[in-house]
Amino acid sequence: MGRAMRLAPTLAPMLSASLAALTLTGCVLTEPPGVSSSAVAVPGPWVAPPRVQAIAVGHFVPVVDPPPVRPAGSCGSTNPFTCSCVHPACTPAHPGTHELREYLLARFPDVGNSGTYCCRQNSNRRDYLSVHAIGRAIDLGVPYASGGGADNTVGDEVANFLVEHAEYIGIQRVIWDHTFWNGERGFGTLGGDPHTNHLHIELSVAGAARTTPFFTVGPPGTMCAVACEGATLVGADCARTDCGASGQQCLGGPAPRCGIPEPPRAVPVAGRALPGIAPVGDPGRLTFTGPDRMFDTRASMSGLTWDDAARELTWRAGLDASVTGVWLNLAAVPTEAGHLSVFPTGATRPGTSNLNYASVRANLVPSPLGGGSLTVFQSSRVDLIGDLYATMGEYGDGLELIDPTRVYDSRSLGATVPGGEVTPIDVGAPAGTTGMLGTIAALRPPANAHVAVFPCGADPETSNVNLRAGEIASAQLVTALADDGMLCVRPNETMHLVIDALGWFSPDGLLEYQALTPRRLVDTRSGVYFENRLAAHQEIELPLGEASGMPENGWAAALNVATIEADGPGHLIAYACERGAPPATSAHNFDVDTRATLVTTDLGTSRRACLTTSTRAHVVVDLLGLWRRRDGAPPPPPEPVTEPTEPGPDGDGGVNADAGAPSGPIDAGSTERPPTAGEGCSCHAAPSRSRWSPVGLALIALALAVARRRRRR
């Protein structure tokens, strides 16, 4: 509409007995002619039919949420439903939002427009903006059925259509009648406002920008969506094939087809137990370095020894004798696919791996030293680059874990991070913090790229994550911060970046890193603890507290996680099972190739770790170390997550992003509650299809008048 607030050109008299359209930016109360409030409701909440659910399993749409209100903006009212905020991210609905709204109103004549843009807070998380504030949300009013329930005969049809075509259109979230669908998490039960009188629809960044097929090719036409209807495969030309006639089944997923099904999900292997915990040396505290490039076999073999028969490269670290271990970012520049295993020189090579590669890949590797040296086994000869970020020893800084927190998401700021430039980022570190444990995700650069992360003031020739053009990749960070708490990033190509914080280092931090003899916990390919690929959004549990030798003061685990044979882009989340639901951040982003990432997860009092992936894939998990409390105290229960708080990240393969888990929870899930009487007009308050009595209309007009007077103040 071009303005933050605008009244419709005509407004019915306050006490008029006739119905009228009352329009405030992003807020419409309407009753189209010919809609009856006596429509029959389908009992119970919205449940997508099996055909739609089968299609939805194969969808992945990145969920990108708005930024916090502060520090860039402010809101003038404590009422979250008023358009009282000022923020640089606030913008009227994008072209795609407008176009989709008009298309839906024309295709589904029984729904009405209940609002789009309003620069306001999220009513469930008032420290964040609403998705309506950034112009990517649509509310469609649905009539109440007899008895006051949701009219599923109207709303379900719209919701099913949106989910069925979510990737084609660019839909990141649908909320309707006690249920939500999230482009990264799938279906879930809605808390808070049940949304029985309107659908809440959110466009992805691509959809709002009109770059998805819906806008570039055209709306879905008379061709059929490829899908399974029982044992029958419906093709794009609407032809029907009986898979059972050839002894096969109709297989759903990203590419429905006739075939022999694989097991539907990963299952525990009977009689298998987790391996014992075997500490290596004493727990160590961290001392941050430059970061510094320690070796690059492309340029020099100085300080390196290659054993051709064993296919092992040994690095003589040349560090102080008090250093017991290192945190090394290791990058592989291969000519063929393979994997690396890192271990202290002189120790037996473990049956685990730290890095998988078919193209240039990097991963953070914590490892003890053996006689001041480190050895790297290579399954195939590859050039290696080692960047040192921290050393371990008796003295230094300890860790304080925090709930995974998204501290930076360039997508929510509406601008990419420029290539070839240093960009400072305030990660919100507490006073006295010397370093950060976190995760960075890099999203879809235009060419092969890498990203360097370092304390502002330094400008090292190092990198943390490597990725190919157009893909998403992530890496864990252990990095120093500048004296003022700032962190700097330098991508060599312009792209979006997402950073999540997992903990802060300081001299007072009580958690120290205990290196372990690496053990393989899970390999779903070969039936190690679990077998079969994980289904999308399936959660598996690792009861580390039951492993022999597990210390009482083990607060968090360092895991090397690899995903293999994935159906497509996705992300993985690791968390303490006691949370009850995954956090709105992700730890590992992957595609169809084999990917590995160091992952840190808290364990909770029962010391059980849970893993879930957004896309079906084999998963391999190796335990490398534990974060142990220095004073011996056992871990507290983690902060529980109510599902959904408002489903968050992770990603076009998602950081819960485009990354896994985007950004933190905003505008869906338990979603925004409806306003109470006297709070004024709200995009979520408009029962746009029910009949208003003259008294009701008068009350609405009075509320608008009150709201206008408040704004004038």
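The values are calculated or read from the model by the stated rules, or taken from the named source; none is laboratory data. The shown structure was predicted, so the numbers you read here are calculated from the model rather than taken from an experiment. Because the Cβ atoms are built from the backbone with ideal geometry, glycine has one as well, and the counts that use them run over all protein chains shown.
General observations
- For the residues HIS178, HIS200, the requirement of being farther than 25 Å from THR612 by Cα, in the same structural domain as PRO49 (by TED's automatic domain parsing) and modelled with pLDDT of 85 or more singles out HIS200.
- Residue match in segment 430-443 (condition: closer than 27 Å to VAL63 by Cβ and not in a strand (DSSP E or B)): no
Conditions tested, residue by residue: (1) part of a loop (DSSP other than H, G, I, E, B); (2) surrounded by 11 or more Cβ atoms within 10 Å (Cβ to Cβ).
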{"position": "GLY218", "(1), (2)": "yes, no"}
{"position": "CYS224", "(1), (2)": "yes, yes"}
{"position": "ALA236", "(1), (2)": "yes, no"}
{"position": "ALA245", "(1), (2)": "no, no"}
{"position": "CYS258", "(1), (2)": "no, yes"}
{"position": "ALA270", "(1), (2)": "yes, no"}
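- Residues that are among the small types (Gly, Ala, Ser) and assigned to a strand (DSSP E or B) within segment 190-207 are absent altogether.
- Of the residues making up segment 549-589, those that are among the β-branched types (Val, Ile, Thr), within 16 Å of PRO638 (Cα to Cα) and modelled with pLDDT of 95 or more number 1.
- Test: GLY290 is farther than 30 Å from LEU511 by Cβ and not assigned by TED's automatic domain parsing to the domain that holds SER474: no
- Taking the criterion of being more than 24 Å from GLY252 (Cβ to Cβ) and either in contact with a Lys or Arg (Cβ under 7 Å, 6 or more places away or on another chain) or modelled with pLDDT of 95 or more (or both), the residues of segment 181-197 that qualify are GLY192, ASP193.
- Reported count of residues in segment 492-531, each being under 30 Å from ASP631 (Cα atoms) and aliphatic (A, V, I, L, M), is 7.
- Single unsatisfied condition, ARG210 versus (1) touching a helix residue (DSSP H, G or I) at 6+ places or on another chain (Cβ under 7 Å); (2) in a loop (DSSP other than H, G, I, E, B); (3) not assigned by TED's automatic domain parsing to the domain that holds LEU105: (3)
- For segment 420-432, the condition holds for no residue, the condition being that it is among the hydrophobic types (A, V, I, L, M, F, W, C) and either crowded, with 22+ Cβ neighbours inside 10 Å or touching a Ser or Thr at 6+ places or on another chain (Cβ under 6 Å) (or both).
- Summed over segment 596-638, the residues that are closer than 22 Å to GLU546 by Cα and in contact with a strand residue (DSSP E or B) (Cβ under 7 Å, 6 or more places away or on another chain) give a count of 26.
- Residues being under 21 Å from the mean Cα position of the chain (by Cα) and not in a loop (DSSP other than H, G, I, E, B) - total across segment 414-429: 3
- When residues in segment 96-126 are screened for being charged (D, E, K, R) and either modelled with pLDDT under 90 or within 14 Å of HIS198 (Cβ to Cβ) (or both), 4 of them pass.
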